[in-house]
Amino acid sequence: MATPQDTARRLGGLVAAHRRRARLRQDELAALAGIDRQYLGELERGKLTQHLGRLVGVLDALGLELTAIPRTTSLGVEGAPERPADA
């Protein structure tokens, strides 16, 4: 069974890999997601935040785990967000 920290590291690595594949900088993805760039950086480094820790704890208590499923977008990159028009 994965620990909350393991889950945070895997999720962070996945987010970073998909961001790079989409050719987005952290500040661009943060703006698209409506979050602070610093928070995105912490997420990508696998920092276990209070909110993520709580979510993983609830899922663990229910015998569930966090799963990210890619989807195809207009960029043709699975899971990639839409690029801003002025980018």
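The values are calculated or read from the model by the stated rules, or taken from the named source; none is laboratory data. Treat the numbers as computed from the prediction; the structure is a model and nothing was measured. No Cβ is skipped: glycine too gets one built from the backbone with ideal geometry, and neighbour counts run over all protein chains shown.
Which one of these is modelled with pLDDT under 95, surrounded by 12 or more Cβ atoms within 10 Å (Cβ to Cβ), of a type in the set (A, V, I, L, M, F, W, C) and out of contact with any Phe, Trp or Tyr (no Cβ under 9 Å at 6 or more places or on another chain): A80, A61, A68?
A80 is the lone residue from the list that is modelled with pLDDT under 95, surrounded by 12 or more Cβ atoms within 10 Å (Cβ to Cβ), of a type in the set (A, V, I, L, M, F, W, C) and out of contact with any Phe, Trp or Tyr (no Cβ under 9 Å at 6 or more places or on another chain).
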Some residue of region 44-53 being surrounded by 10 or more Cβ atoms within 10 Å (Cβ to Cβ), of a type in the set (G, A, S) and modelled with pLDDT of 85 or more
yes
Kindly provide the set of residues from region 8-63 that are touching a residue at least 12 places away in the same chain (Cβ under 8 Å), part of a loop (DSSP other than H, G, I, E, B) and aliphatic (A, V, I, L, M), ordered by number.
A22, L24, L48
Would a scan of region 10-18 turn up a residue that is within 10 Å of the chain's Cα centre (by Cα), of a type in the set (D, E, K, R) and surrounded by fewer than 19 Cβ atoms within 10 Å (Cβ to Cβ)?
yes
